[in-house]
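Peer 1: If you scroll down you'll find the structure; I have some questions about it.
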Protein chains: 2
Amino acid sequence: MPETTPPVPMEKLVSLCQRRGFIFQSSDIYGGLASCWDYGPLGVALKRNLKEAWWRAMVQEREDVVGLDAAILMQAKVWEASGHVAGFADPLVECKQCHLRYRADELKADKCPACGGELTQPRMFNLMFKTFMGPVEDEASITYLRPETAQGIFVNFENVLNTTRRKLPFGIAQMGKSFRNEITTGNFIFRSREFEQMELEFFIKPGTDEAWFRYWVNERLNWYVKLGIKREHLDFHVHEHRELAHYAISCHDIIFRFPHGWAELEGIANRGSFDLVQHAKHSGKSLDYYDEDTKEHYVPYIIEPSAGVDRSFLAFLSDSYAEEVAGGETRVVLHLHPSLAPYKVAVLPLSRREQLVTAAKQVWADLRRHWLVVYDDAQSIGRRYRRQDEIGTPYCVTIDFQSLEDGQVTVRERDAMDQIRVPIAALKTIIADKLAGEPLFTFTHGGQIWKRGEEEKAKAP
Amino acid sequence: MPETTPPVPMEKLVSLCQRRGFIFQSSDIYGGLASCWDYGPLGVALKRNLKEAWWRAMVQEREDVVGLDAAILMQAKVWEASGHVAGFADPLVECKQCHLRYRADELKADKCPACGGELTQPRMFNLMFKTFMGPVEDEASITYLRPETAQGIFVNFENVLNTTRRKLPFGIAQMGKSFRNEITTGNFIFRSREFEQMELEFFIKPGTDEAWFRYWVNERLNWYVKLGIKREHLDFHVHEHRELAHYAISCHDIIFRFPHGWAELEGIANRGSFDLVQHAKHSGKSLDYYDEDTKEHYVPYIIEPSAGVDRSFLAFLSDSYAEEVAGGETRVVLHLHPSLAPYKVAVLPLSRREQLVTAAKQVWADLRRHWLVVYDDAQSIGRRYRRQDEIGTPYCVTIDFQSLEDGQVTVRERDAMDQIRVPIAALKTIIADKLAGEPLFTFTHGGQIWKRGEEEKAKAP
């Protein structure tokens with residue numbers, strides 16, 4: 001796979017994120033909390049846009065998917081049925097000398113990598129965060145923070161089916177926080193103990209699962225490409241049989257060229273009937289589906305595209321980052337898809353002269369009714385353009401003295417750095433057109449990115 | 001205060017929510033998890049709209065507020081500094097006979113209300129959910145699920161100030177889950193152990209706090225009224241000195257006439273400098289603000305409007321619920337503000353004849369690019385209108401045989417039940433205009449709802 005430029009070093013991204021307010025270390029003033037992160041003003045804006053783009057593509061624009069938002073705290077029985085209580089564990093070893101802890105399956109030697117000390121025998125360590133509900137801390141009150149959003153969907157399958165009167169195939173989508181007490185974390189927001197997922201559970205008739213699996217792999221790859229990730233920075237990892245999780249019939253990871261190397265961005269799994277069978281068994285409730293067309297009862301199969309919000313955030317950030325020489329100077333620019341950019345527009349009065357500020361603030365107020373818009377009047381226009389480039393703002397609107405005479409302003413575009421002069425009265429419409437013209441909003445489902453000659457197979461069955 | 005009609009009984013709301021897929025009991029198939037709730041397809045749509053309306057009014061449309069999204073897991077030191085480890089507790093008593101547990105401060109007698117048994121002496125029970133981070137369960141690894149989102153803002157004050165180069169007054173807004181291990185819960189989603197908050201922390205110069213406090217009380221009351229809550233179902237509870245939390249200089253609750261009675265919907269508190277002083281002391285970091293205009297150093301005061309997503313959800317739902325006699329039949333209708341309604345439009349082919357279905361699905365696909373839109377072709381048009389009324393869909397678009405000839409469809413409005421005939425080509429624009437014409441989008445800050453003659457005082461200082 002050709003790599004045109006090397007990925008941006010992680011340190012540069014971390015530095016940009018902290019300097020401009022995308023991401024801060026959690027509990028920063030207390031020295032930080034390992035592997036938990038707070039999203040600052042720009043980070044929360046980008047994250048909201050990213051989640052909105054997913055929800056739009058996966059729920060709003062589709063005929064066959066509805067949304068759900070289940071609680072983080074669930075009955076322990078859910079996690080017994082799913083296999084998490086018994087099996088969601090990693091082998092933990094500890095150095096007898098320096099007491100650092102490691103995942104045994106990630107170590108390449110049997111001595112401590114830090115000090116060379118001897119390691120303990122591995123013990124299985126469950127990754128679920130445990131807490132107690134109610135005033136007594138005993139076995140009966142144990143509750144877990146969900147380690148995945150998926151189970152909230154499975155246990156609501158019947159509720160959703162009955163209240164929406166849906167027929168197969170149909171999906172239930174959910175976004176929300178999950179928690180895993182990872183032994184080793186790291187690579188910035190790539191692996192953290194608190195993270196956010198975007199999961200779809202797509203319920204289908206057994207036998208149609210291979211076709212739907214291919215469809216969703218293609219669909220999800222498309223989503224990243226349409227939102228600006230370079231195709232050559234995406235690839236697949238096809239799980240071999242021995243790699244498959246206990247619930248999966250097959251699984252493809254979409255992998256991305258992260259700053260720290262190629263790694264999983266999203267997993268698409270064919271979970272078969274495993275989940276509904278388990279929950280039917282443990283709850284004593286039938287989770288069969290009655291197919292009115294074929295007059296059959298069966299347990300649906302499930303195709304699951306499971307994406308991480310934080311990993312996607314990191315992917316979009318790192319893939320859009322560029323250092324470019326322009327006019328003898330190097331500019332840092334985030335070529336973010338406009339639908340993801342934290343601010344859609346920056347409003348810049350040429351100077352702090354009162355007339356200009358008044359006019360600029362009026363433009364700012366008008367545009368804010370439609371988008372998140374930033375105002376900046378500090379330092380030279382060139383410096384301000386650079387500041388907006390660095391955070392990915394697609395359009396800068398400059399108000400100058402000429403504007404007060406002719407009612408026109410300059411709109412400067414981030415990527416090509418072209419400038420056009422437009423009437424203030426038409427500004428809203430022009431920017432709306434520019435933003436609406438972006439690929440995201442003309443994205444039709446089922447594309448041709450999967451592999452040449454395979455298009456037909458990847459279409460919705 | 002005049003009450004025109006009695007509030008809808010809670011059972012009716014619960015029944016509607018379960019029947020139509022607004023809200024399900026968490027872990028329902030396992031018998032439920034007390035006081036945790038899952039939002040179904042309609043519930044998540046309404047909740048997303050509600051949060052979006054808050055974010056729009058509190059962040060996007062304002063000059064002086066930025067967003068944040070801090071982690072749920074924070075260092076224990078944060079909760080020591082805030083006073084939660086020592087003081088966030090309720091007095092717990094248990095019946096020696098039937099072992100039911102109660103909050104001592106909520107009991108009216110000293111015998112068990114269930115069986116008349118003798119109660120234990122009260123002991124203070126901390127309401128924070130505790131968990132352990134990392135593989136060892138000891139004192140050093142204790143972490144808490146945040147019981148409020150506010151502290152995530154306080155500890156990031158300096159980070160946000162430095163990266164956004166803001167000047168006082170300015171605010172930081174956050175939405176997210178919080179957790180409280182309540183002894184007694186209930187009244188549906190009114191008090192639950194897992195809930196979602198929408199909090200603004202507004203940082204100001206000491207001495208301007210009374211004026212800003214009044215401004216925010218007014219502003220927040222306005223928000224509910226503009227989104228459709230009847231003014232006569234809102235009131236204030238002004239905290240007397242003995243009721244105030246340890247951090248508060250003053251506090252007004254906005255109370256609402258819930259199905260179970262008048263109760264707190266949102267609290268607006270003047271927190272003074274308590275929080276920043278505490279975190280400065282415990283972290284050893286200065287959290288002073290340098291005021292460039294007056295050349296002073298001081299610790300900002302904070303005004304906090306703190307709203308609950310779930311309580312607001314319940315308030316909007318119950319206040320919009322009506323049973324109306326129309327054409328000899330009783331219809332249930334949710335008169336939800338269009339910006340909150342789960343679906344903006346329902347598309348209804350008159351029958352399942354192929355030509356109608358094809359035309360209707362084309363209209364559906366076009367509208368879905370802009371809004372969440374539902375399609376329904378089951379049973380009579382009258383029944384379908386009723387189903388949409390019951391979930392608050394503001395507009396129904398009916399495609400009939402005439403539509404195939406003249407390219408026009410019928411748009412039926414939920415509240416007045418008026419019907420107009422419009423060209424399909426103009427449908428999108430007409431609905432967009434109807435939705436955009438709603439009060440939400442022309443809402444200007446600082447209104448006249450507070451109290452006659454008090455408008456001036458409630459304006460932004």
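Peer 1: Scan segment A:265-313 for residues that are of a type in the set (Val, Ile, Thr) and within 19 Å of residue A:219 (Cα to Cα) and jot them down.
Peer 2: Correct list: A:268, A:302, A:303, A:309.
Peer 1: Just one of A:261, A:267, A:308 is small (Gly, Ala, Ser) and over 27 Å from residue A:154 (Cβ atoms); which is it?
Peer 2: Of the residues listed, the single one that is small (Gly, Ala, Ser) and over 27 Å from residue A:154 (Cβ atoms) is A:261.
Peer 1: Hey, another quick one. Pull up segment A:44-81, narrow it to residues that are within 25 Å of residue B:70 (Cβ to Cβ), facing chain B (nearest Cβ under 7 Å) and of a type outside the set (A, V, I, L, M, F, W, C), then point me to the one that is surrounded by the most Cβ atoms within 10 Å (Cβ to Cβ).
Peer 2: This residue is A:67.
Peer 1: Taking the options A:340, A:372, A:435, name whichever one is surrounded by fewer than 21 Cβ atoms within 10 Å (Cβ to Cβ) and touching a residue at least 60 places away in the same chain (Cβ under 8 Å).
Peer 2: A:435
Peer 1: Can you tell me which of B:16, B:33 is of a type in the set (A, V, I, L, M), at pLDDT 95 or above and touching a strand residue (DSSP E or B) at 6+ places or on another chain (Cβ under 9 Å)?
Peer 2: That would be B:16, the only listed residue that is of a type in the set (A, V, I, L, M), at pLDDT 95 or above and touching a strand residue (DSSP E or B) at 6+ places or on another chain (Cβ under 9 Å).
Peer 1: Among the residues of segment A:130-155 satisfying the criterion of being of a type in the set (A, V, I, L, M) and touching a helix residue (DSSP H, G or I) at 6+ places or on another chain (Cβ under 6 Å), which is nearest to residue A:289 (Cα to Cα)?
Peer 2: Going through the qualifying residues, I end up with A:155.
Peer 1: Another question about this same structure. Assuming residue A:349 fulfils every condition listed in (1) crowded, with 16+ Cβ neighbours inside 10 Å; (2) more than 21 Å from residue B:65 (Cα to Cα); (3) over 27 Å from the mean Cα position of the chain (by Cα) apart from one, which condition is it?
Peer 2: (2)
Peer 1: On to the next question. With the requirement that a residue be of a type outside the set (A, V, I, L, M), outside any strand (DSSP E or B) and in contact (Cβ under 8 Å) with a residue 12 or more places away in the chain, what does segment A:126-136 give you?
Peer 2: A:129
Peer 1: Within segment A:286-344, track down each residue that is polar (S, T, N, Q) and under 24 Å from the mean Cα position of the chain (by Cα).
Peer 2: Those that are polar (S, T, N, Q) and under 24 Å from the mean Cα position of the chain (by Cα): A:306, A:312, A:318, A:320, A:339.
Peer 1: Here's something else I'd like to know. Could you count how many residues in segment A:267-298 are among the aliphatic types (A, V, I, L, M), touching a residue at least 40 places away in the same chain (Cβ under 8 Å) and more than 14 Å from chain B (Cβ to nearest Cβ)?
Peer 2: Total meeting the criteria: 1.
Peer 1: Tell me which of these residue A:39 doesn't satisfy, since it passes every other one: (1) over 23 Å from residue A:127 (Cα atoms); (2) at pLDDT below 90; (3) touching an Asp or Glu at 6+ places or on another chain (Cβ under 7 Å).
Peer 2: (2)
Peer 1: Could you look through segment A:20-30, keep only residues that are facing chain B (nearest Cβ under 7 Å) and at pLDDT 95 or above, and pick out the one that is surrounded by the most Cβ atoms within 10 Å (Cβ to Cβ)?
Peer 2: A:21
Peer 1: Would you point out which residue out of B:220, B:257 is basic (Lys, Arg), at pLDDT 95 or above and within 30 Å of residue B:436 (Cβ to Cβ)?
Peer 2: B:220
Peer 1: Moving on. What are the pairs, 6+ residues apart or on separate chains, where a residue within segment A:200-223 that is assigned by TED's automatic domain parsing to the domain that holds residue A:277 and outside any helix (DSSP H, G or I) has its Cβ under 7 Å from a residue that is surrounded by 21 or more Cβ atoms within 10 Å (Cβ to Cβ) and among the acidic types (Asp, Glu)?
Peer 2: Listed by first residue and then by second, the contacts come to A:200/A:304; A:201/A:304.
Peer 1: Take the residues in segment A:168-192 that are at pLDDT below 95 and within 9 Å of chain B (Cβ to nearest Cβ); name whichever of them is nearest to the chain's Cα centre (by Cα).
Peer 2: Ranking the candidates gives A:192 first.
Peer 1: Being more than 9 Å from chain A (Cβ to nearest Cβ) and without any contact (Cβ under 8 Å) to a residue 12 or more places away in the chain is the filter here, so list the residues in segment B:137-167 that pass it.
Peer 2: B:138, B:139, B:140, B:141
Peer 1: Which pairs turn up if I take residues in segment A:21-33 that are over 14 Å from residue B:161 (Cα atoms) and look for partners that are of a type in the set (Gly, Ala, Ser) and surrounded by fewer than 21 Cβ atoms within 10 Å (Cβ to Cβ) with beta carbon separation below 8 Å, at least 6 apart in sequence or on another chain?
Peer 2: Partner pairs satisfying both residue conditions: A:25/A:32; A:26/A:32; A:30/B:283.
Residues checked against (1) more than 28 Å from residue B:176 (Cα to Cα); (2) touching a residue at least 60 places away in the same chain (Cβ under 8 Å):
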| position | (1), (2) |
| --- | --- |
| B:79 | no, yes |
| B:86 | no, no |
| B:104 | yes, no |
| B:119 | yes, no |
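Peer 1: Among the residues of segment A:103-123, is there at least one that is assigned to a strand (DSSP E or B), under 27 Å from the mean Cα position of the chain (by Cα), surrounded by 15 or more Cβ atoms within 10 Å (Cβ to Cβ) and not hydroxyl-bearing (Ser, Thr, Tyr)?
Peer 2: Scanning segment A:103-123 turns up at least one residue that is assigned to a strand (DSSP E or B), under 27 Å from the mean Cα position of the chain (by Cα), surrounded by 15 or more Cβ atoms within 10 Å (Cβ to Cβ) and not hydroxyl-bearing (Ser, Thr, Tyr).
Peer 1: Give A:134, A:171 a once-over and let me know the one that is surrounded by 20 or more Cβ atoms within 10 Å (Cβ to Cβ), within 30 Å of residue B:15 (Cα to Cα) and out of contact with any Gly (no Cβ under 9 Å at 6 or more places or on another chain).
Peer 2: A:171
Peer 1: Condition test on residue B:302, is it buried (at least 19 other Cβ atoms within 10 Å of the Cβ), closer than 19 Å to residue B:201 by Cα and touching a residue at least 60 places away in the same chain (Cβ under 8 Å)?
Peer 2: yes
Peer 1: Of the numbered conditions (1) within 30 Å of residue A:196 (Cβ to Cβ); (2) touching a helix residue (DSSP H, G or I) at 6+ places or on another chain (Cβ under 8 Å), residue B:230 fails exactly one; give the number of that condition.
Peer 2: (1)
The values are calculated or read from the model by the stated rules, or taken from the named source; none is laboratory data. Quick caveat, the model's predicted, so the values are computed rather than measured. Cβ atoms come from the backbone with ideal geometry, glycine included; neighbour counts cover every protein chain shown.
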